[in-house]
Amino acid sequence: MHKKPKKYSIFSLIKNAFSYHENWQPVWRSPEPKNNYDAIIIGGGGHGLTTAYYLAKNHGLTNIAVIEKGWIGGGNTGRNTTIIRSNYLWDQSAALYEHALKLWEGMSQELNYNVMFSQRGVMNVAHTLHDVRELKRRWHANRLNDIDCEWLNTKEVKEFCPIINISPNIRYPVMGATLQRRGGTARHDAVAWGYARGADAMGVDIIQNCEVTSLNVNNGQVIGIETTRGSIKSKKIGVVAAGHSSVIANMVGIRLPLESRPLQALVSEPVKPVIDTVVMSNTIHAYVSQSDKGELVIGAGTDGYTSYTQRGGFNIVEDTITAVVELFPLFSRMKMLRHWGGIVDICPDASPIISKTHINGLYFNCGWGTGGFKATPGSGWVFAHTIANDEPHKLNVPFTINRFSSGELVDEHGAAAVAH
Amino acid sequence: MNKKISFTFDGKKYSGFEGDTLASALIRNGVFLVGRSFKYHRPRGMISAGSEEPNAIIQLESGEITEPNVRATEIKIYEGLNATSQNNWPSLNFDLGSVNDLFSRFFPSGFYYKTFMWPPKYWEKYEYLIRQAAGLGRSPTKDDPHQYEHFHYHCDILVVGGGISGLYAAKLLAKANLKVLIIEQHPELGGQCLNTDSFKTHEVLIKELEEQNNKDNFKIIKNSTVFAYMHSNYLLACQKINNAKIRQIIWKIRATKVVLATGSIERFLTFDNNDRPGIMLANSARKYQNHCSAKDIKKIVIFTNNDTAYQTAIDFFYKQEVEVQAVIDVRKNSNGDLAKKAEKLGIKIFFNHAVIDTKGRKKINSVIISELDESLDKAIGRSKKLSCDLLCVSGGWTPTVHLFSQSKGILFYRESDATFIPDKSFQNEISIGACNGTFELDEILKETYSKISGLLTEFGKKIDVKSRINSEKIFYDKLKHLWIVPSNKHFGRTKMFVDFQNDVTAKDIKLALREGYRSIEHIKRYTTTGMATDQGKIGNINALGIISDLSGVPIHKLGTTTFRLPYTPVTFGAMAGRHIKEFFDVERTTPMHQWHVDCGAKFEDVGQWKRAWYYPIENEGILQAVNREVKATREGIGILDASTLGKIDVKGRDASEFLNRVYTNAWSKLDIGKCRYGLMLGDDGMVIDDGVTSRLGENHYVMTTTTGNAASVMSKLEDWLQTEWPELKVYLTSVTEQFATISINGPYAPKLMNKLCPNHDFSKDNFPHMSFQNIGIDDVHCRVMRISFTGEMCYEINVPSSYGKALWEKCFDLGNEYNITPYGTEAMHVLRAEKGFIIVGQETDGSVTPIDLDMSWIVSKKKYDFIGKRALYRSDTIREDRKQLVGILTKDPNEILEEGSQLVEKITPVPMEMVGHVTSSYYSPNLGRSIALALVKEGIKKKGLKIYAPMPNKAIEVEITNPVFIDPSNERLSA
C-alpha cells in the first residue's frame, strides 16, 4: 500500500550527495484525514507516535491515525532534558521503565533513524544521610530487580565525574551516588521523527494542525471525534495528550486526577566536552548533562502552581543555576543561551495513568509528570497493547485509573519527609 | 580615543585605541579572519558590530578568568586583553577541520539522523568523535574569582534602549517628574545616532540626561542588557561592571509601564558564498569605518535591496583611501534621497543586479555580479567580476521585537518591508522607534512624542510642548525583498548561509522541507537554524523568507518560532549571584550550637538545620561514641538538644476542632495541662508527620512537628485553614525558633530536675507522663513536658531561646554526678528504635498508613472526619497484605544490616521477589546485638519467619520480630 521508505545509511547519504540530496523522500506523509479509522490516537507527541507505531507493528492495526493539534513532537517530547534511566524504586515502575530502556537500546536500528541514544550513565547524588538511606534503598531494589545500578562513594563519584565539587565544606556535601551506567540521554526530536517515519511507513496517517473539538460517544461506546478538519469515525480512541488529556476527558465528563504545572529547562552556550555523564541531585534541585552539540542541558523541579502557560517563574531558573554552580563551581562563567518551559501533567502519586475507562473504546495515557520522555517507547508499547486487546499489558496493570479510588498507588514521590 | 592599548589575539600582539571593541581593533589591524564555523570550519570574520554577531566569537583570557564564546563585537579592549580563536586545530589560519567543508555535500542538515547506526552499539564511539568536534570555546576549569550581585529596582517607567527614541522618551518622561529608569546595552548612549554626521540632537539629549542621572528619580544604567521580560512587568537586566571584584549585576526591575525602544538589526542577504571574511552588514561596516580606519581596505562593493546601504556608500566615498567600486542594487531603480545623492556623487550603481558569488578563501577579494531577470528569479546575461576588499550587505532591517514578544505581545507581519512588528500588547508596555517598525528619524521623533504624550496622560501628566524636536526628513524608497539571491550554479552546489555559526544554508532548508519537516519549529530543530549563540538575530527572518519562498506558504502564516529569554546569553554566576557557597542555603543552628561545636560534635544536615550527630571523645568512631551515648542515657542521664523540632502555636475558638481535623485521633477531651501524640495524614491517607501537642488552655495548644517537615506542615495547615475551612477561627504561629528544647532522659532525670528546681514536686503522681507544667528555673519561665522518645523517664524543657545555652550548661553542672552525657541524633535514633518508635520519613515514605504501622489505636473510629480518612479506608489501603512495620533481628547478632536493604523470602537468581525493606538499623548496646525495623509485606502475621537480606556479596538471614525490643510494658517510664 505504501512504498517502504528508503533505508538510511552512510551509503544512501553518499549516493544522495551526488544528486544534491534532491531525492530524499518525506519522512512522513501529510495526508488528509479519512472518514474512518480502526483506531485514532489523539496527540502526536512521542508517546502517541510510539503507540501508533506499535499498534501497527505488534498488533497489525495499520488503518489508524495520529491526530495532532500542532506539530508532532512539539509538547514535552521536544522540551525535556532527554534523560533516560530505569532506576525506579517500586517494582511496577521499574518494570515499565526497564522495558522502555531495553527498547531504547535497540531503537536506532529498529527505526533506522539515529536517535543518538547515548549510555553515558546517570548519577543520582546524595547530600544528606537521609539521601544516602533513600538512594541505597533504591540501589538494592534495582539490583534485585535486575536493573543495573551501582553505589559510588564520594571518591568514586569524583572519579566518574571529575568536575563535581566534593569539598566537605560545601553546604550539602556529596556523600555518594547511585550510578546507572545504562542510563543516558537521546536526541529528543529524533524520537518523534523516527517513530513517525516508522509508523507512516506502515500506513499510519499522521495528521498535524488538527485539533479535536469533541468526542462522540453512543451508548457507552466511543464512535468518533470532531476536529477542526471534520469528523472522523473510530471505535477505538487513545488519548495521549499530556496535560490536555484533562480537557479531552472533560468532553465526556471524565475527571482525571491531573495537575498541570510549568517545568523549566535551559541550555548553556556550547563548549568542548566537559561533563561526560548525567548528574542529578534531588536535594539541591538540579540536573545537568552535556549535549552532543556541547551545550550544558539543565533542568530542575516544577513551579509550584498549576498553569498551561509554557513558562514559569524566574526564581526557579535562578535556584537551578545556583545549584549547578554550587555543585560545579567551574561553570560560573558559562552562559545561559536558551531557556524554555513545558507543562507537565502530574498524578497525585507521580506515576502515569495508562488505562481503559468506563467508556468502551476510550483509553488514556497521561500523567507522566517530569519523567515521560524516558518511558516513550515502553509507554507506546503497553498502550498499543491495551488499545488492541481492550486489556492492559501486564506492565501497565498497576497504572489503571482506578487506583485512585481503590488506593493502590505507585507513589514515586517517595516521602517528601526528612528524618527527625 | 587617543590612548593606545595593546592586546593579544591568538598569541600575536596588536594595538588599538581606547573605545575600540575587540572587533574594531582587529579590523584596524587588518585582521578579518577571526573564527571558524561550527560544522564546516569555514573561515569567518565579523559580520556585524553588535550583539547579533554570529561569527566573531572568541575565548577571552585564560585560567580562572577565562570565558568562552565572547562576541568580539561587544567586548571593549583593555590593556593586556588576551583573546584566542575557537573551534580550530592546529590554528585559525590552518584548520584541519576545514576538510569538512570539502566534504560538506555529505553533511547536509540532519545527516547524523541517517547514519552512525552500524554496527549497532557503535554510536557512542562515533559520538565521542562528534563531541570532540562540536562545542565552540572551552569551559573554564577553575573556580570563578569574581562576585556577582542582584539589585532590585522599582520605577514608574522603564525605558529599554538608549537610542534616539529611548533618549527622547526618557527626556519627555523625566520632565514630568516620574521615576524613570533607562537601560542601554552599550557603554555609550546614542544608538544609531552615534553614526550620523548631520543629526546632533542626541548629543544635547545625552548631555541633559547624564546631568540628571541619579537625581530626581532619574537613573541611567549603561552596559546592561535587558534579557528577560517576565509577567507582571518584571524585567531582568544584566549589567557588566568589570571592576576588580564585582563582575556583573542582575537588575530585577518592576515597572508600572515599560517603553521598549530596542531598535532594529540589519538583515543579511542570502547569496552564494556570502560568509567570507570581509563580508559585512552595510551599517556595521559604516560604523567600523567611522570609528577606525581599516588597514588594507581599498575597494569596497555594496550589495543591497534597500536605500539605507547608500549611506554606507556615501560615507566610504568621502574616505580618501577607499574606492567605492559599485553599489549592486537588486531593485529596478530608487528615488530615495540617499540613492540620488550617491548617484550625484558619481558612485556607480548597478540596478537590477545581484552579487551571485564571491571569491577569496580567508578574505574576500572579488565578487561576481550579474543582471537579474524580471522576476528576480534568475541571473541573466554575462556575469562580471569586481575586485574588492570589503563587501557591505544590506537586506533591510528587522525590528528587535524580542522583549515585546517575550512579554506575550502579538506580532503583525507588515508585507511592505517584510517585518514583524508589535501589534497587540499583553502587558503594560509600548514600543517606539525602530523596534516598532518606524525607521525614519523624523517619524521616530514624531511617534515618540505622540506615544509618550499618551503615556503621560495615563499617569495624569501633561507633556511639555516645548520639548518637541524634529529632524530633516529623508525619503527612503521601498525595499525589494529577495530571500534567495539567484545563482548561476545548481542550487545544490551553492553555499548560501542563513545561520552562519551553525552552518545552515538555504539548501539545507530546502532539504528539510523536502523531507516533510514543514512546521517552522521542525525546520529549526532539524536544520538547527537560529539555535547558535546568536539565536538567529540576523538569520531567522531570512530562514522564514526562504521557507516561505520554497513552500509557497506566506510568512504571516508560518509565524515565528517563540522568542525566548535570554535576549543575549547570561552568565550563570550572575544568575546565582551571592547565593552560593556560604550563602547557598540558610544554615539554621540552635542556641546551644556553639556548645556542640566546642565539644567536638559531628553534625548532620536535617533540612536546613545543623544537628549534633554524635559527640566523639578522643579517638572514638561513630559506633563507639553512639554506644556510649545510648548506654549513658539508659543508665544515667542522656541530654539531647531537641530545639530543632518544629513548634506551632495553635490558638483560637476552634483550635480543638482544628486538631480533630488534622490529626487522626480525638482532641476535644484532652485536659488542659496534658500532652498527646498525634499522627497527621496526607489527603491520600498516608502518614506525613507526627509529634506531641500540648493543651495550654481552653483554646490554646502548642504542636510539635518533625524537624524537617516543620515548614511544610505549617504551610499545609495554613492551606487547609485558608482555603478549605475559612469558618474555623484558628491562628497559627510558628514558634520553633522562640524556644530552645532540652530533652533530659534516663533513670536519674527526675533527680536532675529536682536539682534544677528544688521547690517543685516532680513525683509521678504530681507530674505524670504525658503532661506538662510551667516551672521557673532561676526565675526563667520554662514549660516542661513529660514525654519520651527514648522510653526513659524524660523531661523536655522548653525555655526562651536566649536562655537555652545557659540552661543547657547548668544541666551539665548539676548532672555531673549522674554521668550526664550529651547524645546526638544517631543515639536518638538507636534509643527510639529499641522502643520501636517510628521516624516519619524513615519508617514512612509517603506510602505508609497508620494501620501499616500497627498504630490503628491512634485512628479514631468515632470522629466524623479527619484529613485522609476517606482515602485511608479505600479498599486497597486497608488490605491486610500491605507492607507493615516489624522488627528484624539478624541471625548473627553482630551483623548490622544496611538501611535500605531489601528483604526477600526466597533467594533466587535476580530478579528476586522483594517483600520489604529495612527502614532503620543499628547496633543496640543495651541488647548487645543489632536491631532493625522494616516494612514487610504481611509482616505482622509473619513474626518468627526467617527471611533474607540479599547483599551484593552474601545473603543475610534475619527473623521477623516485634518492633519493640526494650521494655515493652513501659516500666522504665514510671520507674
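Any residue in the range B:389-401 that is without any contact (Cβ under 8 Å) to a residue 12 or more places away in the chain and either over 22 Å from B:Val258 (Cα atoms) or buried (at least 21 other Cβ atoms within 10 Å of the Cβ) (or both)? Working first, answer last.
So in the range B:389-401, the residues without any contact (Cβ under 8 Å) to a residue 12 or more places away in the chain come out as none.
Checked the range B:389-401: no residue is without any contact (Cβ under 8 Å) to a residue 12 or more places away in the chain and either over 22 Å from B:Val258 (Cα atoms) or buried (at least 21 other Cβ atoms within 10 Å of the Cβ) (or both).
Within the range B:516-555, which residues are among the aromatic types (Phe, Trp, Tyr) and assigned to a helix (DSSP H, G or I)? Full working, then the answer.
The initial filter retains those residues of the range B:516-555 that are among the aromatic types (Phe, Trp, Tyr), namely B:517, B:526.
Matches in the range B:516-555: B:Tyr526 only.
Would you check if B:Glu472 is of a type outside the set (A, V, I, L, M) and within 12 Å of chain A (Cβ to nearest Cβ)?
no
Please go through the range B:875-898 and pick out each residue that is over 12 Å from B:Gly916 (Cβ atoms) and in contact with a Gly (Cβ under 6 Å, 6 or more places away or on another chain).
Those that are over 12 Å from B:Gly916 (Cβ atoms) and in contact with a Gly (Cβ under 6 Å, 6 or more places away or on another chain): B:Asp876, B:Thr877.
Looking at the range B:879-903, I want the residues that are touching a residue at least 40 places away in the same chain (Cβ under 8 Å) and over 22 Å from A:Asp131 (Cβ atoms) and have a partner that is aromatic (Phe, Trp, Tyr) and surrounded by 19 or more Cβ atoms within 10 Å (Cβ to Cβ) with Cβ atoms under 9 Å, at least 6 apart or on another chain. Which pairs are those?
Sorted first by the residue in the range B:879-903, then by its partner, the pairs are B:Gly887/B:Phe965; B:Leu889/B:Phe965.
Residues to consider are B:Leu927, B:Leu933; find the one that is touching a strand residue (DSSP E or B) at 6+ places or on another chain (Cβ under 8 Å) and under 24 Å from B:Arg832 (Cα atoms). Spell out the reasoning first.
Values: B:Leu927 fails: touching a strand residue (DSSP E or B) at 6+ places or on another chain (Cβ under 8 Å).
Answer to the check: B:Leu933.
Each row is one residue, and each column tells you yes or no for (1) farther than 16 Å from A:Gly194 by Cα; (2) touching a Phe, Trp or Tyr at 6+ places or on another chain (Cβ under 8 Å); (3) of a type in the set (Phe, Trp, Tyr).
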{"site": "A:Leu55", "(1), (2), (3)": "no, no, no"}
{"site": "A:Ile64", "(1), (2), (3)": "yes, yes, no"}
{"site": "A:Arg85", "(1), (2), (3)": "yes, yes, no"}
{"site": "A:Ala94", "(1), (2), (3)": "yes, yes, no"}
{"site": "A:Lys102", "(1), (2), (3)": "yes, no, no"}
{"site": "A:Gly121", "(1), (2), (3)": "yes, yes, no"}
{"site": "A:Asn124", "(1), (2), (3)": "yes, no, no"}
{"site": "A:Arg133", "(1), (2), (3)": "yes, no, no"}
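Pairs only if they're at least six apart or on different chains, beta carbon under 7 angstrom, first in the range B:737-754 and in the same structural domain as B:Val780 (by TED's automatic domain parsing) and under 30 Å from B:Val586 (Cβ atoms), second hydroxyl-bearing (Ser, Thr, Tyr) and part of a strand (DSSP E or B); list them, first residue then second.
Qualifying pairs under 7 Å: B:Ile744/B:Tyr795.
Scan the range B:670-697 residue by residue and report those that are within 14 Å of chain A (Cβ to nearest Cβ), small (Gly, Ala, Ser) and within 16 Å of B:Val713 (Cβ to Cβ).
Within the range B:670-697, B:Gly682, B:Gly691 qualify.
Could you grab the pairs with beta carbons closer than 7 Å, sequence gap of 6+ or different chains, first residue in the range B:176-203 and outside any loop (DSSP other than H, G, I, E, B), second one modelled with pLDDT of 95 or more and surrounded by fewer than 16 Cβ atoms within 10 Å (Cβ to Cβ)?
none
Check every one of the strands (runs of 3 or more DSSP E) wholly within the range B:588-682 and list those with 1 or more residues that are out of contact with any strand residue (DSSP E or B) (no Cβ under 9 Å at 6 or more places or on another chain).
On the way: elements: B:602-606, B:609-614, B:637-641, B:646-651, B:675-681.
So the answer is B:602-606.
Could you check the range B:815-909 for strands (runs of 3 or more DSSP E) lying wholly inside it with 1 or more residues that are modelled with pLDDT of 95 or more and facing chain A (nearest Cβ under 10 Å)? Don't jump to the end; show me each part of the working.
Details: elements: B:820-822, B:883-890, B:902-904.
In the range B:815-909, the matching strands (runs of 3 or more DSSP E) lie at B:902-904.
For the list (1) within 14 Å of chain A (Cβ to nearest Cβ); (2) assigned to a strand (DSSP E or B); (3) within 37 Å of the chain's Cα centre (by Cα), I need the number of the one condition that B:Ser715 fails.
(2)
Answer yes or no: is there a residue in the range B:529-536 that is away from every other protein chain (no Cβ under 12 Å) and closer than 23 Å to A:Glu295 by Cα. Working first, answer last.
Going residue by residue through the range B:529-536, those that are away from every other protein chain (no Cβ under 12 Å) are B:529.
Of the ones still in play, those that are also closer than 23 Å to A:Glu295 by Cα are B:529.
Checked against the condition, which is being away from every other protein chain (no Cβ under 12 Å) and closer than 23 Å to A:Glu295 by Cα, the range B:529-536 yields at least one hit.
Would you pick out the residues in the range B:55-68 that are in a strand (DSSP E or B) and either over 15 Å from B:His146 (Cβ atoms) or touching a helix residue (DSSP H, G or I) at 6+ places or on another chain (Cβ under 8 Å) (or both)? Lay out the reasoning, then the answer.
Step one: list which residues in the range B:55-68 are in a strand (DSSP E or B), which gives B:57-60, B:67-68.
Passing the criteria: B:Ile57, B:Ile58, B:Gln59, B:Glu67, B:Pro68.
Looking only at residues that are charged (D, E, K, R) and surrounded by fewer than 22 Cβ atoms within 10 Å (Cβ to Cβ) in the range A:332-369, which one is farthest from B:Glu67 (Cα to Cα)? Break it down into steps so the answer makes sense when it comes.
Kept after step one, since they are charged (D, E, K, R), are these residues of the range A:332-369: A:333, A:335, A:338, A:345, A:349, A:356.
Within this subset, residues satisfying the condition of being surrounded by fewer than 22 Cβ atoms within 10 Å (Cβ to Cβ) are A:338, A:356.
On the way: A:Arg338: 18, A:Lys356: 54 Å.
It comes out as A:Lys356.
List every residue pair whose Cβ atoms lie under 9 Å apart, where the two residues are 6 or more positions apart in sequence or sit on different chains, the first residue falls within the range A:279-290 and is part of a loop (DSSP other than H, G, I, E, B), and the second residue, located anywhere, is basic (Lys, Arg) and surrounded by fewer than 24 Cβ atoms within 10 Å (Cβ to Cβ).
Listed by first residue and then by second, the contacts come to A:Ile284/A:Arg171.
So, in the range B:204-239, how many residues would count as being surrounded by fewer than 18 Cβ atoms within 10 Å (Cβ to Cβ), of a type in the set (Gly, Ala, Ser) and outside any loop (DSSP other than H, G, I, E, B)?
Going through the range B:204-239 one residue at a time, the tally reaches 0.
Scan the range B:338-347 and tell me whether some residue there is buried (at least 17 other Cβ atoms within 10 Å of the Cβ), within 50 Å of the chain's Cα centre (by Cα) and either of a type outside the set (Val, Ile, Thr) or at pLDDT 95 or above (or both).
Checking the range B:338-347: at least one residue is buried (at least 17 other Cβ atoms within 10 Å of the Cβ), within 50 Å of the chain's Cα centre (by Cα) and either of a type outside the set (Val, Ile, Thr) or at pLDDT 95 or above (or both).
When the range A:106-161 is examined, which residues are found to be part of a helix (DSSP H, G or I), among the small types (Gly, Ala, Ser) and farther than 23 Å from A:Thr77 by Cα? Step through it out loud before you land on a result.
The initial filter retains those residues of the range A:106-161 that are part of a helix (DSSP H, G or I), namely A:106-111, A:129-144, A:154-160.
Narrowing further to those that are among the small types (Gly, Ala, Ser): A:106, A:108, A:141.
Across the range A:106-161, the qualifying residue is only A:Ala141.
Which of the residues belonging to the range B:510-528 are more than 8 Å from every other protein chain (Cβ to nearest Cβ), free of Cβ contacts under 8 Å to residues at least 60 places away in the same chain and under 32 Å from the mean Cα position of the chain (by Cα)?
Passing the criteria: B:Ile520, B:Ile523, B:Lys524.
Report yes if some residue within the range B:161-168 is at pLDDT below 95 and over 33 Å from the mean Cα position of the chain (by Cα); otherwise report no. Reasoning before the result, please.
Residues of the range B:161-168 at pLDDT below 95: none.
Taking every residue of the range B:161-168 in turn, none turns out to be at pLDDT below 95 and over 33 Å from the mean Cα position of the chain (by Cα).
Being surrounded by fewer than 23 Cβ atoms within 10 Å (Cβ to Cβ), polar (S, T, N, Q) and either away from chain B (no Cβ under 13 Å) or touching a helix residue (DSSP H, G or I) at 6+ places or on another chain (Cβ under 9 Å) (or both) narrows it down to one residue among A:Thr51, A:Thr62, A:Thr77, A:Thr128; which is it?
Details: A:Thr51 fails: surrounded by fewer than 23 Cβ atoms within 10 Å (Cβ to Cβ); A:Thr77 fails: surrounded by fewer than 23 Cβ atoms within 10 Å (Cβ to Cβ); A:Thr128 fails: either away from chain B (no Cβ under 13 Å) or touching a helix residue (DSSP H, G or I) at 6+ places or on another chain (Cβ under 9 Å) (or both).
After applying the criteria, what remains is A:Thr62.
Restricting attention to helices (runs of 4 or more DSSP H) lying wholly within the range B:69-140, give those where 1 or more residues are at the interface with another protein chain (Cβ under 9 Å from one of its Cβ atoms) and either free of Cβ contacts under 8 Å to residues at least 40 places away in the same chain or of a type in the set (Val, Ile, Thr) (or both). Step through it out loud before you land on a result.
Values: elements: B:99-102, B:111-114, B:123-133.
The helices (runs of 4 or more DSSP H) meeting that bar are B:111-114, B:123-133.
Within the range B:550-609, can you find the residues that are surrounded by 20 or more Cβ atoms within 10 Å (Cβ to Cβ) and on the phi > 0 side of the Ramachandran plot?
Correct list: B:Gly577, B:Gly607.
Over 30 Å from A:Tyr37 (Cα atoms), more than 13 Å from chain B (Cβ to nearest Cβ) and β-branched (Val, Ile, Thr): which single residue out of A:Val278, A:Val252 fits that description? Show your work before the answer.
Details: A:Val252 fails: over 30 Å from A:Tyr37 (Cα atoms).
A:Val278 is the lone residue from the list that is over 30 Å from A:Tyr37 (Cα atoms), more than 13 Å from chain B (Cβ to nearest Cβ) and β-branched (Val, Ile, Thr).
Do any strands (runs of 3 or more DSSP E) lying entirely in the range A:194-274 carry at least 1 residues that are touching a helix residue (DSSP H, G or I) at 6+ places or on another chain (Cβ under 8 Å) and farther than 27 Å from A:Ser351 by Cβ, and which ones are they?
Working: elements: A:205-207, A:212-218, A:221-227, A:230-233, A:237-239, A:259-268.
Result: A:205-207, A:212-218, A:259-268.
The values are calculated or read from the model by the stated rules, or taken from the named source; none is laboratory data. Nothing here was measured: the structure is a model prediction, and the numbers come from that model. Counting neighbours? That spans all protein chains shown, and the Cβs are built from the backbone with ideal geometry, glycine included.
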